[in-house]
1. Mind counting the residues in segment 113-136 that are free of Cβ contacts under 8 Å to residues at least 24 places away in the same chain and in contact with a strand residue (DSSP E or B) (Cβ under 9 Å, 6 or more places away or on another chain)?
2. Spot the failing condition for residue 68; the list is (1) assigned to a helix (DSSP H, G or I); (2) crowded, with 18+ Cβ neighbours inside 10 Å, and only one is missed.
3. With 186, 225 as the choices, which residue is under 24 Å from the mean Cα position of the chain (by Cα), crowded, with 17+ Cβ neighbours inside 10 Å and more than 20 Å from residue 109 (Cβ to Cβ)?
4. Among the strands (runs of 3 or more DSSP E) contained in segment 172-264, which hold 2 or more residues that are touching a residue at least 12 places away in the same chain (Cβ under 8 Å), outside the structural domain of residue 65 (by TED's automatic domain parsing) and within 21 Å of residue 132 (Cα to Cα)?
5. Looking at (1) surrounded by 16 or more Cβ atoms within 10 Å (Cβ to Cβ); (2) under 16 Å from the mean Cα position of the chain (by Cα); (3) over 30 Å from residue 206 (Cβ atoms), which is the only condition residue 62 fails?
């Protein structure tokens, strides 16, 4: 009887010595491992169109535009490869990712991964994607990566203008907001149409006006127009509904700086 009890105790001790380290290692993941797990779960939520999981994994999930994007998720077949993780600070990394979405290959994506309330989250507004077909013979500006069909531009959000100090997620029911050339606008709920006016500080031959959709896994260019500034100073986009943001570029050789205003 004593031998059986001793054998049982030794067996139990051996099992515990095996299990305890595995539990500890699972709970003590490095930052990079936690970020990799976040990215894996993020793409799983997109493939499965899992609204709740998606919102749990993205930054600023309570914003109206991100709620709107979650409601518009569609099941996908996305495969991804994290090329590199770059540490920016203790609160932010950049994940350089190549993806194929339903058979379509995209250039390198620079996703910001930020620490929000103690959890690593994916910032889905880190960059914009534009079809080269839409941008043919048009100024593109600030290209981060590209392939034969798409270009990717890294987004750097700043305040909407010096007077109102409106930041990226400021949303107003109706009005006008101003931005520097090349700067993306705030997220605006569009109910049909908006008008963009360009105000250069000197000469420009023309400007490129762009509208990006807010539904889906990343912002996508949906409309782009080149405007001859000698003929008109504004452009109107029609037939746009839901959350969009805008950009005006005047990146020609010798073009001046300036700003544009979105009237909605």
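1. The qualifying residues number 1.
2. (2)
3. Details: 225 fails: crowded, with 17+ Cβ neighbours inside 10 Å.
From the options 186, 225, the qualifying one is 186.
4. On the way: elements: 176-180, 188-200, 206-213, 220-228, 234-249, 258-263.
Output list reads 206-213, 220-228, 234-249.
5. (1)
The values are calculated or read from the model by the stated rules, or taken from the named source; none is laboratory data. In this text the structure is predicted, and so the values were computed from the model without any measurement. No Cβ is skipped: glycine too gets one built from the backbone with ideal geometry, and neighbour counts run over all protein chains shown.
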